[in-house]
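Below is one structure; the comments refer to it alone.
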Amino acid sequence: MENLHNITDSSLYGNSVMLDRVIVERMAFRFCEVVGIYAYGLDSRGEMTGDDKDNRRLKELVGEEQLDAIFHRVTDNDLEVQAVEDTRVPNIKVAAVSEHINKTPIITWIIFGVLTDEEYISMPGAVVPVEFEKTISYKEFLDAVDVARDMSHLILSSKFSLATAQAESRRSKNEEAETRNYLKRVEAISSIVQLLDSSEAIEMVMNDIVKHIGTYLDISCAMICRVKRGSDLMDIAASWINQGVVPFFDKTVGQQRPHFMYTEKPLVLSFDSEIETADRELMDKMGITALCVLPIQIGNGVAMYACFMDSAPEKKWKTEDIKFLYDAMRVLQSILTKRIQKNSLASSYASLEAILDNVGSAIYVRDIETGSPLFSNRVLKNTFAAELQNGSLDTLFDNAIPINEESGIYEVHHLEKNKWYDLHYTYINWVDGRKVSLCAAYDVTDKKNYQRRIEQQAYTDFLTGLYNRMCCERDLAMHIDSATHNNMRGAILYLDLDDFKHINDGLGHQYGDVLLKAISHSLQRVEGIENSCYRIGGDEFIIIIPPESYGRFREIIQEIRDIFAKPWYLKDADYYCTTSMGIVEFPESGDSVQDLIKKADIAMYEAKKSGKNRMAEYSENIVSSSTERLDMEKNMRDAMAEDYKEFEVYYQPIVDIMNGDKCIGAEALIRWNSVELGFIAPSDFIPLAEYLGLINPIGNYVLKEACTTCRHWNESGHPDYKVNVNLSVVQLLQTDIIDIVKRTIEETGINPRNLTLEVTESLAINDMERMKKILGALKELGCKLALDDFGTGYSSLNHIREIPFDVIKVDQSFVRDLAEDAYSQSFIKMVAELAETLGVNVCVEGIETERQFKALDNMKVKMVQGFFFDRPMTKDSFEQKYIEAKG
């Protein structure tokens, strides 16, 4: 850097001003270490200090041109002797401080600050603070620059005064005392500055400071008092009393504060100062002739007072003495600030360690750049002791975390321990400011095993032990893919028991259940289909002949027919129960799970239409609609064309059994009273409406009627009444279903939180991602979601967890034998516990008797529907009983 060394010493003072250069360098080095800055000084001899690796790097980062400019900015004249500038690195600031004598620069300090403020280190191009040994905040940097200038000024002024004193002493012995005084002052302030890097307790440091001050000034007493906020008391934290002086206060703890220790500004009183009579009387009472009180601020208020008192006759403070006190207190303020920051960091780490040691998860913190571990809490050390010892923990966690991911929740399977963990991973700023990765591992092995058991139950028909429809659809998709990719064939057999209803009603449900179990066990003994038999409904079964068993296709069909050719021993007698069978092959007849099952169903109905105990293979020539179905279709279309006048919405009350069996709303149910065909059960016309694609307009009609009615209830004194509306899969898969629901809410004016949309367990299992988006969008409208008919064989716990359901409705098939059947009771209790874990409510359908109702005690079931409380009824009947009577 040109011209930086071209400073010439004043010829007037020669080398006198440059005395004790080693002391100056040592003081500067300690000041930089304690405060957290980098600096180097320049005089006519060159750099005085700061020629280390970090200084050289900082010079390179800032650039010679800027350093030259800021140097000349403070040395070319004595009008601007201190400057602070930004650099091209956002979190590096540079400052220059120059001291002049007779307008000639004697020493210039170039000061660097590596800032830790978030607003600077987050800027593009910022350096990483941890790469430097010394860092500082921007406010602290400015304070440090001020202190550096004050120190330089004080030292050089002292040197200047000393040089003057020494020159004059050759001409006058009277000035020797003044010279010695300057030397003593330099020595005193130097001793105080050296306390910046003291590791002694703060009380001892403060005692040393007041000792140096009192000794130098030769006053009666110097003390530092710590005030007790909110009271009139104080404690004397440090004190020095001159020899032969009686203490001014009789105790050091809980001392009454004199009124001059309430000031927020410095107070300087000499023996001849004009003060109020009360103040003079207090000083006279204490035997004080001169007093100097300097407030010391910590945080946002005065926490201490430095008090200097003298009882010498006619004591008068000198200007240089007061300035000396100010300078000494600035050093003390810097020491206190540094101690507070250091203690705060240590306390923060200790507090954080104590907190993390008492959380239930295993915590592991690593440095992002080096990968080295920084912290492991007690749970992690206990859980992964072996992995920490052999160094395999990082690999275990890293294998679960995708590359370049900064946060997420991942699953870790520890094969050796057969343990499962949920790993929560994120980046955070550690207590020392560096960027770290935090892993929190939760042992979820029990939950995982429980989930497996529950899912296994969800895949299994509870009565027969066969797999259910959800499992059927999953396995069928797998077999279709296998057959397609390997150029093989498979088949689906759709079985519907003939006259099962007569046996079930005639002998009783318990014997119907025995028959279903016996049939199921017989089917499972057929070679080739042992693991591919499924019960998908009351008396309906699906059998998949997988590609590897297709070679026995005809033998399997014959063995099944032989099973139903024999009687079944029920209630001490033989009963025959045959089956109608529909057959479809894949991938010849399609590669869609739903299409293949539908075609097998059509073939089964064709077989049943031909008589009992028949089978039919699917072909395009099969006519799947009977005359009855055609008549129903015609009348349904006519009824829709006449503005749905034959359709009526009934309402079945929903009761809150946790709140005094209070009605809280109703489920809307469609009914069809045809002029031509009479009253038609929903189970007959709704499947046909879905098949014909007419369920959408009918469903929209029900939705609008139910919303209009519910708003009327809400405005009639029941603001919390809710209405439940069923949405079929066909409705949900409409491209505009979200717009339809939104428009209905807006047109009817219903509060969306009072609308619950029920979806069945058959909700598009093969297109779950699409269904999650649809249901999520409905949820965003403010509606509530209910999972209907839970337990009939479709749902997966994963789906329940992934979709934000508010209510789980247990199918009424679990209620029929609820009072006696332990399995039904256990199932409902399990569902209620699962719902509580997921944060949703449970509604049990089909409660018809008091015994069934009583069986729900202590099961955490909130809502109930069923004939025990009321049957579905017309709108007028419902309002007369539940709105007008209770309004």
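The values are calculated or read from the model by the stated rules, or taken from the named source; none is laboratory data. Just so it is clear, the model here is predicted, and its values are computed rather than measured. Glycine gets a Cβ as well: all are built from the backbone with ideal geometry, and neighbour counts include every protein chain shown. Heavy atoms of the whole protein, side chains included, go into the accessibility calculation; ligands, DNA and RNA do not. Shrake-Rupley method; radii C 1.70, N 1.55, O 1.52, S 1.80 Å.
With the checklist (1) within 42 Å of the chain's Cα centre (by Cα); (2) open to solvent by 10 Å² or more (accessible area, probe 1.4 Å) in hand, flag the one item ASN673 doesn't pass.
(1)
For the condition open to solvent by 10 Å² or more (accessible area, probe 1.4 Å) and assigned to a loop (DSSP other than H, G, I, E, B), what is the one hit in SER683, SER716? Walk me through it before giving the result.
On the way: SER683 fails: assigned to a loop (DSSP other than H, G, I, E, B).
Sole residue among the options that is open to solvent by 10 Å² or more (accessible area, probe 1.4 Å) and assigned to a loop (DSSP other than H, G, I, E, B): SER716.
Do you know which of the residues in segment 571-595 that are charged (D, E, K, R) and in contact with a helix residue (DSSP H, G or I) (Cβ under 6 Å, 6 or more places away or on another chain) is farthest from ILE545 (Cα to Cα)?
First, the residues of segment 571-595 that are charged (D, E, K, R): 571-572, 574, 585, 588, 591, 595.
Still in the list and also in contact with a helix residue (DSSP H, G or I) (Cβ under 6 Å, 6 or more places away or on another chain): 571, 591.
Working: LYS571: 33, ASP591: 15 Å.
Here the answer is LYS571.
Of all the helices (runs of 4 or more DSSP H) wholly in segment 783-887, which have at least 2 residues that are touching a residue at least 40 places away in the same chain (Cβ under 8 Å) and either in contact with a helix residue (DSSP H, G or I) (Cβ under 9 Å, 6 or more places away or on another chain) or closer than 26 Å to VAL729 by Cβ (or both)? Show your work before the answer.
On the way: elements: 797-802, 822-838, 850-854, 875-878.
Fully inside segment 783-887 and qualifying: 797-802, 822-838, 875-878.
Within the bounds of segment 657-670, is there any residue that is within 30 Å of LYS599 (Cα to Cα) and either over 37 Å from the mean Cα position of the chain (by Cα) or open to solvent by 10 Å² or more (accessible area, probe 1.4 Å) (or both)? Explain how you work it out, then say what you get.
Filtering segment 657-670 for residues within 30 Å of LYS599 (Cα to Cα) gives 669-670.
Checking the rest, the ones that are also either over 37 Å from the mean Cα position of the chain (by Cα) or open to solvent by 10 Å² or more (accessible area, probe 1.4 Å) (or both) come to 669-670.
Checking segment 657-670: at least one residue is within 30 Å of LYS599 (Cα to Cα) and either over 37 Å from the mean Cα position of the chain (by Cα) or open to solvent by 10 Å² or more (accessible area, probe 1.4 Å) (or both).
Within segment 361-420, can you find the residues that are part of a helix (DSSP H, G or I) and touching a Gly at 6+ places or on another chain (Cβ under 9 Å)? Spell out the reasoning first.
At the first step, the residues of segment 361-420 found to be part of a helix (DSSP H, G or I) are 378-383, 385-390, 393-398.
Those that are part of a helix (DSSP H, G or I) and touching a Gly at 6+ places or on another chain (Cβ under 9 Å): VAL379, ASP394.
Working carefully through the options ASP76, ASP117, ASP86, ASP54, find the one that is more than 42 Å from the chain's Cα centre (by Cα) and either over 21 Å from ILE155 (Cα atoms) or open to solvent by less than 20 Å² (accessible area, probe 1.4 Å) (or both).
Details: ASP117 fails: more than 42 Å from the chain's Cα centre (by Cα); ASP86 fails: more than 42 Å from the chain's Cα centre (by Cα); ASP54 fails: more than 42 Å from the chain's Cα centre (by Cα).
Going through ASP76, ASP117, ASP86, ASP54 in turn, just one is more than 42 Å from the chain's Cα centre (by Cα) and either over 21 Å from ILE155 (Cα atoms) or open to solvent by less than 20 Å² (accessible area, probe 1.4 Å) (or both): ASP76.
Looking at (1) in contact with a Gly (Cβ under 9 Å, 6 or more places away or on another chain); (2) under 17 Å from ARG469 (Cβ atoms); (3) open to solvent by 60 Å² or more (accessible area, probe 1.4 Å); (4) not hydrophobic (A, V, I, L, M, F, W, C), find the lone condition where ARG535 falls short.
Evaluating ARG535 over (1) in contact with a Gly (Cβ under 9 Å, 6 or more places away or on another chain); (2) under 17 Å from ARG469 (Cβ atoms); (3) open to solvent by 60 Å² or more (accessible area, probe 1.4 Å); (4) not hydrophobic (A, V, I, L, M, F, W, C) leaves (3) as the failure.
So is LYS862 under 30 Å from LYS772 (Cα atoms), open to solvent by 40 Å² or more (accessible area, probe 1.4 Å) and at pLDDT 90 or above or not? Outline the logic, then answer.
On the way: under 30 Å from LYS772 (Cα atoms): yes; open to solvent by 40 Å² or more (accessible area, probe 1.4 Å): yes; at pLDDT 90 or above: yes.
Criteria met by LYS862.
Which condition breaks for LEU374 when tested against (1) at pLDDT 80 or above; (2) farther than 28 Å from VAL35 by Cβ; (3) open to solvent by 30 Å² or more (accessible area, probe 1.4 Å)?
(2)
Could you check how many residues of segment 251-286 are among the basic types (Lys, Arg) and closer than 18 Å to TYR305 by Cβ? Steps first, answer last, please.
Applying the first criterion (among the basic types (Lys, Arg)) to segment 251-286 yields 251, 257, 265, 280, 285.
Subsequent filtering for residues that are closer than 18 Å to TYR305 by Cβ retains 251, 257, 265.
Total meeting the criteria: 3.
Report yes if GLU281 is loosely packed, with under 14 Cβ neighbours inside 10 Å and part of a loop (DSSP other than H, G, I, E, B), otherwise no. Give the derivation first.
Numbers: loosely packed, with under 14 Cβ neighbours inside 10 Å: yes; part of a loop (DSSP other than H, G, I, E, B): no.
Criteria not met by GLU281.
Pairs only if they're at least six apart or on different chains, beta carbon under 6 angstrom, first in segment 400-411 and surrounded by 11 or more Cβ atoms within 10 Å (Cβ to Cβ), second hydrophobic (A, V, I, L, M, F, W, C); list them, first residue then second.
Going by the 6 Å Cβ cut-off, the qualifying pairs are ALA400/VAL412; ALA400/LEU423; TYR410/ALA400; TYR410/ILE401; TYR410/LEU423.
Checking GLY254 against (1) touching a residue at least 40 places away in the same chain (Cβ under 8 Å); (2) touching a Leu at 6+ places or on another chain (Cβ under 6 Å); (3) surrounded by fewer than 17 Cβ atoms within 10 Å (Cβ to Cβ); (4) not basic (Lys, Arg), which single condition isn't satisfied?
(1)
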